[in-house]
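One structure is given below, encoded as structure tokens.
The values are calculated or read from the model by the stated rules, or taken from the named source; none is laboratory data. All values derive from a computational prediction rather than experimental measurement. No Cβ is skipped: glycine too gets one built from the backbone with ideal geometry, and neighbour counts run over all protein chains shown. The area values use the complete protein model at the heavy-atom level, side chains included, leaving out ligands, DNA and RNA. Shrake-Rupley method; radii C 1.70, N 1.55, O 1.52, S 1.80 Å.
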Amino acid sequence: QVQLVESGGGLVQAGGSLKLSCAASGRTFSRYAMGWFRQAPGKEREFVAIINWSGSSTNYADSVKGRFTISRDNAKNTVYLQMNNLKPEDTAVYYCAADQSPIYYSASSYDYWGQGTQVTVSS
């Protein structure tokens, strides 16, 4: 079992930055790939980024590539999402998710989810 708690969301102006954190419980955190997803009002949950268990491999949605960076610290059981040059279209609830072998872009393939943190980007 893995429990996930996101933090770091907030209100920021376009062009600004935020860093999200996702703290995981459990001693097996390093066995899991960790993903970030987001969901805007009236839209489906969409893939943002994923990092493998060791941190050696990452993948990003085209819409955030070059602006967002996912990282993890297995000693702290935490995964991060550094978001730079934020745009109004990045406004959404951001969720972290964990799975040992997910189909990276598929929300349904992740077993564990956090409660989400709101990110609002004003123009």
Using a cut-off of under 16 Å, list every residue of the range 26-47 whose amide N is near the label point 7 Å from the Cα of residue 100 along the Cα-to-beta-carbon line.
-> 26-34
Place a +1 charge on the Cβ of each Lys and Arg in the chain and a -1 charge on the Cβ of each Asp and Glu, then give the dipole magnitude about the Cα centre in debye, rounded to the nearest 20.
-> 240
Starting from the Cα-Cα distance between residue 40 and residue 122, subtract it from 0.36 nm times their residue separation and give me the gain in nm to one decimal.
-> 28.1 nm
Output the relative contact order of the range 35-96, whole-number percent, from Cα pairs under 8 angstrom with separation of 6+ residues.
-> 35
Computed over the range 61-123, the relative contact order (Cα-Cα under 8 Å, seq sep at least six) in percent reads 30
For the range 3-104, dividing by residue count, accessible area per residue (probe 1.4 Å) in Å² works out to 50
Considering only protein heavy atoms and a 1.4 Å probe, what is the carbon-and-sulfur percentage of the accessible area of the range 82-122?
-> 47
Between residue 74 and residue 109, the FRET efficiency computed from the C-beta separation at R0 = 22 Å comes out, to the nearest 0.05, as 0.55
Run the numbers on the chain and let me know its relative contact order in percent, using alpha-carbon pairs under 8 Å that are six or more apart.
-> 36
Per the charge dipole of the chain (beta-carbon charges, Lys/Arg positive, Asp/Glu negative, Cα centre), the residue among 94, 104, 9 reaching farthest to the positive end is 9
How big is the convex hull of the Cα atoms of the range 62-122, per residue, in Å³?
-> 109
Rounded Å value of the spacing that divides the Cα centres of the range 50-66 and the range 9-31 | 14
